[in-house]
Amino acid sequence: MVSVEETHFDLNSANALPDTYTWLTPQNQSQPSQGPVSIPVIDLDDIDVIDKIGRACEVLGLFLVINHGVPEEILRRIESEARRFFSLPADQKLRAKRIPGDFTGYGPLPISKFFEKKFWSEGFTILGSPIKPASAVWPDGGHTQFCDTVNEYQQAILKLQARMLGLVMRYLGIEDENDWLHYIGEKGALQLNSYPPCPDPDRALGLGAHGDSTLLTVLHQTGEKGGLQCKIGEDQWALVTPKPGSLVVNVGDLLHIISNGRLPTAVHRVIVDADHHRYSFVNLWGTPPDVKVMPHPKLVGPGKPPLYRAVTWMEYLGIKTKILNEALDSIRVHENLGDDESIQNHNN
Ligand SMILES: O=C(O)CCC(=O)C(=O)O
Ligand SMILES: [Fe+2]
């Protein structure tokens, strides 16, 4: 039998793009279409922050946030721990290999299986405690520092996510925190991504187009070049140019559902570069296990039927891992606001 280690292709030492990674149409346009759209920068200290963050969520579903309160020092530490992990020899990283059906683990990003070609990236997903996968990688105690950093990073980002959710809820007219505090769980999933320099970046893709199964995703990226692109139209992508001190935030499917379709899920993808090794640290924040996510009662009413049925985060993740970009449609119970003719019967 061929072992996993033998079939593992090491992106970090490759000097040509294998066929399995080569997209037939150029993916990485050297001039990404920016169009008239620019990515909003939201200052959390801005006096009009509620309106600005709400509009950013409503228009594009993706923005940069500054004055976010996440200590610089924590961002530096997660970066250094991720570099320490990804620079390990392949066989050591593979000790935490993701087992099919599991979210946690190292390997190609979970959405890869939906795409015809492979992505020029490696990912390490941590849902729940990092101790088990990290101690498999570093059995001699080297995992402690990694786990402490992951936990601190997640705590800091969670605080930010909860603060931003409160602002967005107020924008939507949900003023009382008792009407939204139940969405806040202990922590989300953490996705560490590495995009090594690529020998033929125009024909490769770091990560294919998708929306996240989250309330809000908060992402910290390294370097000045960027790589993340946000979909702004049919085949039109805006580069999310990094801004020092900022974090990227995007609306995920859960918040889209809660907002009853008012806030769009930001569809995004990642392009790669010939020289620049980019990393991203993505906090995918969902709801507590027992919470049924559905259009918020305050956002439905006469002429505003609920567009989606209720799902828990885990149920939705399960659907997403089966049908990815069709997941939202599969739980849709009503086509459009006010369109009474279009009720879908999903019991068929
Ligand atoms: O690396 C990035 O900028 C995006 C990663 C991403 O979209 C994800 O992990 O869901
Ligand atoms: Fe994503």
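Laid out as a table, the results:
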read-out: Solution diffusion estimate, µm²/s, Stokes-Einstein, the chain, Kirkwood Rh from C-alpha pairs, 25 °C, viscosity 0.890 mPa s; value: 117
read-out: Given charges at beta-carbon only (K, R positive; D, E negative), |dipole| of the chain in Debye; value: 380
read-out: Amide proton proximity set for VAL267, modelled H, under 5 Å, gap of 5+; value: LYS231
read-out: Acute angle (nearest 10 degrees) that the helix 72-86 long axis makes with the longest principal axis of the chain, alpha-carbon atoms; value: 50
read-out: Amide N of the range 278-302 lying under 11 Å from the label point, which is placed 7 angstrom from the Cα of ILE99 along Cα→Cβ; value: none
read-out: Per-residue HN-Hα couplings for the range 178-192 [Karplus 6.51, -1.76, 1.60; θ = phi - 60°; Hz; x = Gly/Pro]; value: 5, 7, 9, 4, 5, 6, 8, x, 5, 6, x, 8, 10, 10, 9
read-out: Gaussian network model of the chain, springs between alpha carbon atoms under 10 Å - residue of LEU317, LEU207, LEU216 with greatest fluctuation; value: LEU317
read-out: Order of MET294, MET169, MET314 - criterion: other Cβ atoms within 10 Å of each residue's Cβ, fewest first; value: MET314, MET294, MET169
read-out: Those GluC sites (Glu not before Pro) in the range 134-177 that DSSP places in a loop and that have at most 15 other beta carbons within 10 Å; value: GLU175
read-out: Pairs beyond 21 Å (Cα-Cα), from LYS132/LYS292; LYS52/LYS225; LYS52/LYS187; LYS93/LYS132; value: LYS132/LYS292; LYS52/LYS225; LYS52/LYS187
read-out: Net lengthening on full extension, ALA209/ASP179 (0.36 nm per residue, minus Cα-Cα); value: 7.5 nm
read-out: Of all DSSP beta bridges in the chain, antiparallel share, percent nearest 5; value: 90
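Only the coordinates and a few stated rules stand behind these numbers; no lab work does. Because the structure is predicted, anything quoted here is derived from the model rather than measured. Using ideal geometry, Cβ is built from the backbone for each residue, glycine included, and neighbour counts are taken over all protein chains shown.
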